[in-house]
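Working notes for the structure below.
The values are calculated or read from the model by the stated rules, or taken from the named source; none is laboratory data. As the structure is a prediction and not an experimental result, all values here were calculated from the model. Every residue, glycine as well, gets a Cβ built from its backbone with ideal geometry; the counts of neighbours run over all protein chains shown. Accessible surface is based on the protein model in full, side chains and every heavy atom, while ligands, DNA and RNA are left aside. Shrake-Rupley method; radii C 1.70, N 1.55, O 1.52, S 1.80 Å.
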Amino acid sequence: MKTNIEPKVILITGASSGIGEATARHLAANGHTVVLGARRTDRLGKLAAEINTAGGTAEYRALDVTNLADVQAFVEFALKKFSKIDVIINNAGVMPLSPLAELKIDEWDRMIDVNVRGVLHGIAAVLPHMTQRKAGHVINLSSIGGHQVYPTAAVYCGTKFAVRAISEGLRQETKDIRVTIISPGVVESELADTISDPVTRDVMKQFRQIALKPDAIARAMAYAIEQPADVDVNEIIVRPTAGAQ
Ligand SMILES: NC(=O)c1ccc[n+]([C@@H]2O[C@H](COP(=O)([O-])OP(=O)(O)OC[C@H]3O[C@@H](n4cnc5c(N)ncnc54)[C@H](OP(=O)(O)O)[C@@H]3O)[C@@H](O)[C@H]2O)c1
């Protein structure tokens, strides 16, 4: 366990797999307290137990980020346990890619609900506390899809462009709260499992062959978190070295 880092209370949404799970492990190993949220509580329970057994501190709670009351309850749970929140990582996301012509409107709505409303709910739930404390850090997961648009990814990219716009707005409107956008390239995770369109799923399999391990993104988040309070790392883009896009 490292001791030269100021320990923080860090909330992570979507901590049951992929980037969220790797980030929980990495930050806990750095001495931070992590509060884990997602819908699959069996996974969160195992992860929290693993972290606690290794000498870290982790708590978890069932969370659906599409429900504001649920996100508020998640934040209240963390405040009750640890009396403060230093960082929220709005990481939960879904990516059911498909061409617009397929009219998978339910999937478009799902992406908007989780990737955009979920991030807004996370911000709304912590902002009063962070404003009152005059301190805090909001980290939002965008993507290289928040910088470029690809066929089949119009709606997903739209949600990730939105995350960057919302984050930049929050950054400009606050003086004491740090705001960081994390924009990963392709990373090993369960994200592509939400793709229901078979052709797009095959294309994604090829694209994901050079995927980074999720701890690459965890280290980027730790870098932003562990800067002094007057240093706001605004955005980090992390791509595989072999990746063109
Ligand atoms: N992997 C990549 O290549 C990549 C690249 C750029 C950006 N990103 C972004 O990174 C973030 C993490 O994704 P990942 O790659 O780690 O994918 P992942 O393994 O599929 O993880 C997504 C997480 O989001 C959670 N989630 C989904 N819907 C939720 C909801 N309604 N409420 C609460 N949690 C929910 C899932 O947990 P439950 O199902 O248990 O709720 C899961 O823990 C996403 O925002 C994604 O867009 C990923």
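Details
- Pairs, first in contact (Cβ under 8 Å) with a residue 24 or more places away in the chain in the stretch 34-48, second acidic (Asp, Glu) and more than 9 Å from the ligand (Cβ to nearest atom), C-beta under 9 Å, six or more apart: Val34/Glu59; Val35/Glu59; Leu36/Glu59
- Contacts under 7 angstrom Cβ, first residue in the stretch 94-105 being more than 27 Å from Ala15 (Cα to Cα), partner assigned to a loop (DSSP other than H, G, I, E, B) and open to solvent by less than 50 Å² (accessible area, probe 1.4 Å), 6 or more apart: Pro99/Thr152; Glu102/Asp197
- Residue match in the stretch 174-184 (condition: open to solvent by 10 Å² or more (accessible area, probe 1.4 Å), of a type in the set (Ser, Thr, Tyr) and assigned to a loop (DSSP other than H, G, I, E, B)): yes
- Screening the stretch 113-135 for residues that are open to solvent by 10 Å² or more (accessible area, probe 1.4 Å) and either over 17 Å from Leu63 (Cα atoms) or in a strand (DSSP E or B) (or both) and picking the one that is farthest from the ligand (Cβ to nearest atom) gives Lys134.
- Consider the stretch 223-241 and keep the residues that are part of a helix (DSSP H, G or I) and more than 16 Å from the ligand (Cβ to nearest atom). The one that is surrounded by the fewest Cβ atoms within 10 Å (Cβ to Cβ) is Tyr223.
- Checked against (1) more than 13 Å from the ligand (Cβ to nearest atom); (2) surrounded by fewer than 24 Cβ atoms within 10 Å (Cβ to Cβ), Arg61 meets all criteria but (1).
- Flag if Val149 is outside any helix (DSSP H, G or I), more than 9 Å from the ligand (Cβ to nearest atom) and either modelled with pLDDT of 95 or more or touching a strand residue (DSSP E or B) at 6+ places or on another chain (Cβ under 8 Å) (or both): yes
- The residues of the stretch 21-57 that are over 17 Å from the mean Cα position of the chain (by Cα), more than 14 Å from the ligand (Cβ to nearest atom) and hydrophobic (A, V, I, L, M, F, W, C), listed by number, are Ala29, Ala49, Ile51, Ala54.
- Residue identified as part of a loop (DSSP other than H, G, I, E, B) and within 16 Å of the ligand (Cβ to nearest atom) among Ser189, Ser167: Ser189
- Some residue of the stretch 198-219 being open to solvent by 20 Å² or more (accessible area, probe 1.4 Å), at pLDDT 95 or above and more than 21 Å from Gly20 (Cα to Cα): no
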